[in-house]
Amino acid sequence: MDINLIKKPVITEKSTANSQFNKYVFEVRKDANKTNIKKVVEDTYKVKVESLNSLKVKSKPKVFKGQRGNRSELKRIIVTLKEGNTIDMGAKVK
């Protein structure tokens with residue numbers, strides 16, 4: 001089990017709104033799988049995970065100040081917690 005599977009929590013307007021439904025979003029490494037992420041989240045935050053949904057954001061071309069480039073690919077996990085469990089997203093992941 002590798003604690004470095006979770007890169008950072010995703011703090012956006014949509015992910016903050018989903019926290020009222022016990023859903024939290026994390027950016028994870030591309031090689032992470034659901035079983036490992038579940039163990040890491042349960043051990044790190046001391047909560048019970050009900051389900052996980054993963055999504056991959058593909059890279060796309062962008063132009064910034066005349067320079068062409070690509071956004072990097074990333075993987076996100078949406079963690080749904082069991083009733084009565086919460087995560088303080090203000091806490092830092094180590």
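The values are calculated or read from the model by the stated rules, or taken from the named source; none is laboratory data. All values reported here derive from a predicted model rather than from experimental measurement. Neighbour counts are summed over all protein chains in view; Cβ atoms, including those assigned to glycine, are modelled from backbone coordinates with ideal geometry.
So the values come out like this:
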| quantity | calculated |
| --- | --- |
| Wholly within region 22-94, strands (runs of 3 or more DSSP E) carrying at least 3 residues that are at pLDDT 90 or above and either in contact with a His (Cβ under 7 Å, 6 or more places away or on another chain) or within 18 Å of Ile11 (Cα to Cα) (or both) | 23-28, 49-57, 74-81 |
| Leading residue by the ranking (nearest to Thr86 (Cα to Cα)) among those in region 52-66 that are under 13 Å from the mean Cα position of the chain (by Cα) and not aliphatic (A, V, I, L, M) | Asn53 |
| Answer residue from region 50-92, given it is of a type in the set (S, T, N, Q) and without any contact (Cβ under 8 Å) to a residue 12 or more places away in the chain and is surrounded by the most Cβ atoms within 10 Å (Cβ to Cβ) among those | Asn70 |
| Selection count where residues are surrounded by fewer than 12 Cβ atoms within 10 Å (Cβ to Cβ) and either under 10 Å from the mean Cα position of the chain (by Cα) or touching a residue at least 24 places away in the same chain (Cβ under 8 Å) (or both), scope region 22-44 | 2 |
| Residue list for region 1-20, restricted to those being β-branched (Val, Ile, Thr) and either surrounded by 15 or more Cβ atoms within 10 Å (Cβ to Cβ) or in a helix (DSSP H, G or I) (or both) | Ile3, Ile6, Val10, Thr16 |
